[in-house]
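Below you'll find the structure, written out as structure tokens, and then a few comments.
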Amino acid sequence: MLEKDRLIKTSRFVVRTGFIVNRLFLAAVALGLLLSWIFSSQLATLLIQQNAGTNARSEMTGFRLMMVLGIVMSVVIDRLFVALTQIIETARAGDPFIPANALRLQTIGWALLALQLLNIPAALIERFFPSMGMGAPDSAFSAAGWMAVLMVFVLSRVFAAGSAMRDELEGTV
Amino acid sequence: MPIVIRLDEVMERRNMSLTELSQAIDITLANLSILKTGKARAVRFSTLEAICKTLDCQPGDILAFNDESDD
């Protein structure tokens, strides 16, 4: 029991921290995107200073697209953290097998799927904006990521069945 | 509900209170009360066995079927 409580406490802490960090990241990237337009000429000058042969306009476009991608990913991750937090709270209350958690797991599944699919625009940015160099987003295929998507959708079904079974036992003497 | 619970009749014959029965069969008073008032959705065989042993009765003494449908 103590082990389980420690796990839930730790999970709660990790997810809460991730949630806050993600929101800070979202705010920072959104601000960065805005500033990239406000200070576009200064940014272009800085890029040329760093690398004289660079196509500053192309690189700036690439960075802006990367920031938009980052914002989209951050919003998806935010939804994931919200759902995960709610699941952890029900586990803390000792009653996780409820229909709502099956739906929350589905939400997490869709969020993970979206994050995998966002690798496609990331790969396109990397391909069409080579001047970004090391700044380009990492778009490598992740088998573990796809497995996680499948696993979460299956778990959602398990929770739906579990909550139905639990419902049947409600009122059993 | 078509299933009628006659637990209170048997308890009265045996001169046993709900509290005493709950202590004897190790089922919470709340759950026994749910059963007695006909609010239970299901009864485990183990519960039925414990009640029948303690009250020295048959399941049919506690449970009855009263079909109120027209057909």
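The values are calculated or read from the model by the stated rules, or taken from the named source; none is laboratory data. Note that the coordinates shown come from a computational prediction; the quantities given were computed from them, not determined experimentally. No Cβ is skipped: glycine too gets one built from the backbone with ideal geometry, and neighbour counts run over all protein chains shown. Protein only, heavy atoms only, side chains kept; ligands, DNA and RNA dropped before computing areas. Shrake-Rupley method; radii C 1.70, N 1.55, O 1.52, S 1.80 Å.
Structure data summary
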| read-out | value |
| --- | --- |
| Given (1) modelled with pLDDT of 80 or more; (2) in contact with a Ser or Thr (Cβ under 9 Å, 6 or more places away or on another chain); (3) more than 14 Å from chain B (Cβ to nearest Cβ), number of the condition residue A:159 does not satisfy | (2) |
| Number of the exception - residue B:35 against (1) closer than 20 Å to residue A:169 by Cα; (2) without any contact (Cβ under 8 Å) to a residue 24 or more places away in the chain | (2) |
| Complete set of residues in the range A:36-61 that are of a type in the set (A, V, I, L, M) and surrounded by 15 or more Cβ atoms within 10 Å (Cβ to Cβ) | A:43, A:44, A:47, A:56, A:60 |
| Residue under evaluation residue A:120, criteria (1) surrounded by fewer than 17 Cβ atoms within 10 Å (Cβ to Cβ); (2) in contact with a helix residue (DSSP H, G or I) (Cβ under 7 Å, 6 or more places away or on another chain), criterion not met | (2) |
| Whichever residue in the range B:19-42 is away from chain A (no Cβ under 12 Å) and at pLDDT 90 or above and, among such residues, is least open to solvent (accessible area, probe 1.4 Å) | B:21 |
| Residue satisfying condition, being within 25 Å of residue A:122 (Cβ to Cβ), open to solvent by less than 40 Å² (accessible area, probe 1.4 Å) and in contact (Cβ under 8 Å) with a residue 60 or more places away in the chain, within set A:69, A:84 | A:69 |
| Check on residue A:85, closer than 30 Å to residue A:157 by Cα and of a type in the set (S, T, N, Q) | yes |
| Extreme residue, nearest to residue A:93 (Cα to Cα), among residues of the range A:1-35 that are in contact (Cβ under 8 Å) with a residue 12 or more places away in the chain and open to solvent by 60 Å² or more (accessible area, probe 1.4 Å) | A:12 |
| In the range B:44-71, the residues that are without any contact (Cβ under 8 Å) to a residue 12 or more places away in the chain and within 13 Å of another protein chain (Cβ to nearest Cβ) | B:44, B:45, B:46, B:49 |
